[in-house]
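Right, one structure below, let's go through it.
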Amino acid sequence: HYNNGDEIPTGYSNSEWASLSTGAYTVYDDNESNADTYGYLYNWYAVETGNLAPEGWHVPTDDEIKQLEMYLGMSQEEGDSSDWRGTNEGSKLAGRADLWNDGDLENNEAFGTSGFDALPGGYRASIYNNMGIGGGFWSSTEYDSSSAWLRLLGYGTSEVYRSGSSKELGFSVRCVRDVTETGTILV
């Protein structure tokens, strides 16, 4: 449910999911046991409502995620760019090596050191893709009328991918706690 009590729609077929323009969520492969480990996947329309995060929390903006990336060592120039960026910030953000395919991400000595523990929960387009290979999470910032800013981690690199991605895709969501005097904390 959204934080206002409204139900978030789910249960769409692959073809229905690919053409949605309203908020929805799903679980990878429509297998509820995947939610226990990876959580749910949301399209950006669910993020856009502003009601996805629990009370006292919010989906981070693109700038808030850049702030985290720079705290972990990325330069401002890299933070502001798109595509694969940074050095080992992706490895720092990832967690649970047992879930990731073997590769540069989990083999980097910085793997899991931030406590963020991003997981390879894959994503949903017209089909489900990439569980174990990669995972991404939405920002609350629109890129243009058909896409929003997203971060991806992949097993083959210790960098972080930043791009505008189609709002219809289903990705994970991470929330930040609202803090009035000291900023925000990404968890």
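The values are calculated or read from the model by the stated rules, or taken from the named source; none is laboratory data. Since this is a predicted model, take the numbers as computed values, not measurements. Every residue, glycine as well, gets a Cβ built from its backbone with ideal geometry; the counts of neighbours run over all protein chains shown. Just the protein is used for accessible areas: all its heavy atoms, side chains included, with ligands, DNA and RNA removed. Shrake-Rupley method; radii C 1.70, N 1.55, O 1.52, S 1.80 Å.
Surface analysis of the chain yields an accessible area of 48 Å² per residue, using protein heavy atoms and a 1.4 Å probe.
The candidates Tyr143, Tyr161, Tyr71, Tyr45, arranged from most to least accessible area with a 1.4 Å probe in the full protein assembly, appear as Tyr71, Tyr143, Tyr161, Tyr45. Between Asp102, Asp80, Asp36, the Gaussian network model of the chain with springs among Cα atoms under 10 angstrom shows the greatest mean-square fluctuation at Asp36. What you get for region 51-91, charging only the Cβ of Lys and Arg (+1) and of Asp and Glu (-1), is a dipole of about 120 debye around the Cα centre.
Annotation for region 25-58: GluC sites (Glu not before Pro) lying in DSSP loop with at most 12 further Cβ atoms inside 10 Å of their Cβ are Glu32, Glu55.
Kindly provide the GluC sites (Glu not before Pro) of region 82-187 that DSSP labels as loop, not H, G, I, E or B, and whose Cβ sees at most 16 other Cβ atoms within 10 Å.
Here the GluC sites (Glu not before Pro) that fit, given the DSSP loop and packing criteria, are Glu109, Glu181.
For the chain, the Cβ-based charge dipole about the Cα centre amounts to some 60 debye (Lys, Arg positive; Asp, Glu negative; other atoms uncharged). Label reach from Ser146 (point 7 Å along Cα→C-beta): in region 1-19, amide nitrogens under 15 Å belong to 18-19. For the pair Ser163 and Ala97, the difference between a 0.36 nm per residue extended length and the Cα-Cα distance amounts to 21.3 nm. In this simple spin-label model, placing a label point 7 Å from the Cα along the Cα-to-Cβ direction at both Asn3 and Asp29 gives a separation of 3.3 nm. Between Val59, Val176, Val47, the GNM of the chain built on Cα springs shorter than 10 angstrom shows Val176 fluctuating the most. At 1.4 Å probe size, with the rest of the protein present, what percent of the exposed accessible area of the chain is carbon and sulfur atoms? Carbon-and-sulfur percentage of accessible area, whole number: 43.
Along each principal axis, taking the top coordinate minus the bottom one, the Cα set of region 1-137 gives 40, 31, 25 Å in descending order.
Considering only Leu41, Leu20, Leu93, the mean-square fluctuation computed in a Gaussian network model of the chain, springs between alpha carbons under 10 angstrom, is largest for Leu20. Here the sum of -39500 (n - 2.57) over DSSP H runs of 4 or more residues, divided by the residues of the chain, equals -4500 deg cm²/dmol at 222 nm, to the nearest 500. What separates the Cα centres of region 1-54 and region 70-95 is a distance of 27 Å.
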